[in-house]
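Participant: Before I ask anything, here is the structure I am working with.
Where a number appears in this text, it was derived from the coordinates with a stated rule and is not lab data. Keep in mind that this is a model prediction, so the values were computed, not measured. Glycine gets a Cβ as well: all are built from the backbone with ideal geometry, and neighbour counts include every protein chain shown.
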């Protein structure tokens, strides 16, 4: 790997090191990891979202809207 990393044409003229593979990249090529936002990683090392960290699914409303009992509640016959 070359000692000098050319950062001409990049938005920021600085060099960063990927927190996973420890290879140097222009700082514009690093992004926060999706599961651990404190890590700055390259595109190759960026993980997919962990499904356990996603919000829970919204439950469905499966109740009957206007329930009617088969027999009267007071005990009398219909």
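Participant: Residues being exposed (fewer than 14 other Cβ atoms within 10 Å of the Cβ) and part of a loop (DSSP other than H, G, I, E, B): count how many of those fall in region 39-57. So that I can check it myself, show each step before the final result.
Facilitator: We begin by selecting, within region 39-57, every residue exposed (fewer than 14 other Cβ atoms within 10 Å of the Cβ); these are 43-44, 47-57.
After this cut, where a residue has to be part of a loop (DSSP other than H, G, I, E, B) as well, the list is 43-44, 47-50, 54-57.
Qualifying residue count, region 39-57: 10.
Participant: Okay, next question. Step by step: first the residues of region 6-18, then only those that are free of Cβ contacts under 8 Å to residues at least 24 places away in the same chain and either surrounded by 14 or more Cβ atoms within 10 Å (Cβ to Cβ) or not in a loop (DSSP other than H, G, I, E, B) (or both), then the one that is nearest to the chain's Cα centre (by Cα). Which residue is that?
Facilitator: 17
Participant: Another one. Considering only residues that are part of a loop (DSSP other than H, G, I, E, B) and either loosely packed, with under 14 Cβ neighbours inside 10 Å or under 14 Å from the mean Cα position of the chain (by Cα) (or both), which ones fall in region 24-38?
Facilitator: Correct list: 33, 34, 35, 36, 37, 38.
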